[in-house]
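Inspection log for the structure reproduced underneath, given as structure tokens.
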Amino acid sequence: MTSPQFDDHDLFTPEPDAVVQLRSVTVRRGAKDLIRDIDWTVRDGERWIVMGPNGAGKSTLMQVAAARMHPSVGDVGLLDEVLGEVDVFELRPRIGLSSAQLAGQVPGSETVQNAVVTAAYGVTGRWREEYELDDEGRALALIHQWGLARLARRRFDSLSEGERKRVLIARALMTDPELLLLDEPAAGLDVGGREDLVRTLSTVAADEDAPALVLVTHHLEEVPPGFTHALLLREGEVVHAGPIRETLTDEHLSAAFGLPLRVSESDGRYSAVAARR
Ligand SMILES: Nc1ncnc2c1ncn2[C@@H]1O[C@H](COP(=O)(O)OP(=O)(O)OP(=O)(O)O)[C@@H](O)[C@H]1O
Ligand SMILES: [Mg+2]
């Protein structure tokens, strides 16, 4: 009998301060690579923006970072664990995720209160689980914190888009996660709702006790002040990743979106317009 051959894969140990560490990660469906050969490390205390055009692979990347999807190739370290070597049902409650896909899994008849509290058990839909009083208390506190108190008994399907987004963030925070992934939390919000959310996320970003944060967005206007890093994706590949000011530049954003853009920044708020030729 021959002894097993060890390659790099077997030697993968995430760095101690890495909350998310992807090494050469590819996710393949059929002949298509949804994301390809991604190296990415999110460390304790960092606040990341992920940007890129429609279909660039942002949500796929969030699914991997949320332990909801396994890579076809490569290694993924999440919170001192390695995907494939850990029970994902134990890992997932340590990671908060809000996404349009998750929103679609919350039954419309669910109340706001239940949509939040059920996250304590990693389920969407309240059947027969017994919830601890502590969980109900935490859900209520989050519902207040996110300005949803008057909606606590309302059905999820009766909410406006902005109200739904806030419910999903409160839900993502229910398990007191060590990593919070927000996939387009401002999509569909009016300007007031967006500004509210940007301000709240900026406050969260400044809180040393807050979890590591990753925010997916299409719009530079949605980048909250205090975010520290950015990753730009195009067609499944990393265009640039690093400290936010070195990444959200004319050059890198133009490359990511495939058109000439001029970026400006003032008081930590970013915006972009098409560059005049
Ligand atoms: N199961 C699948 N099989 C084949 N292709 C898929 C599958 N899931 C996603 N895709 C494709 O992979 C690409 C990346 O999708 P993804 O949702 O990650 O993009 P995105 O950057 O989040 O886009 P958006 O900005 O529109 O949300 C898209 O072209 C999508 O159609
Ligand atoms: Mg997406």
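Each value in this text was obtained by applying a stated rule to the coordinates, not by laboratory testing. Please read all numbers here as calculations on a predicted model, not as lab measurements. Cβ atoms come from the backbone with ideal geometry, glycine included; neighbour counts cover every protein chain shown.
Considering every alpha-carbon pair of the range 8-274, the percent of pairs per 5 Å bin, from zero through the bin containing the longest distance, is 1, 6, 13, 17, 18, 17, 13, 9, 4, 1, 0. Bridge orientation summary for the chain: considering DSSP beta bridges with both residues in this region, about 60 percent are antiparallel. Helix content alone sets the calculated 222 nm mean residue ellipticity of the chain: runs of n ≥ 4 DSSP H residues at -39500 (n - 2.57) each, divided across all residues, give -7500 deg cm²/dmol. Counted over all Cα-Cα pairs of the range 172-215, pairs farther apart than 17 Å make up 33 percent.
Rounded to the nearest angstrom and listed largest first, the equivalent-ellipsoid semi-axes of the range 155-277 from its Cα gyration tensor are 26, 17, 14. For the range 134-277, the relative contact order comes to 15 percent (Cα pairs under 8 Å, sequence separation of at least 6). Structural descriptor for the chain: relative contact order 22 percent, calculated from alpha carbon pairs under 8 angstrom and at least 6 residues apart.
Using the Stokes-Einstein relation with a Kirkwood hydrodynamic radius computed over Cα pairs, the translational diffusion coefficient of the range 137-221 at 10 °C and a viscosity of 1.306 mPa s comes to 118 µm²/s. Listing Tyr121, Tyr270 from fewest to most neighbouring C-beta atoms within 10 Å gives Tyr121, Tyr270. Note on the range 218-277: Kirkwood hydrodynamic radius from all Cα pairs is 11.7 Å, rounded to one decimal.
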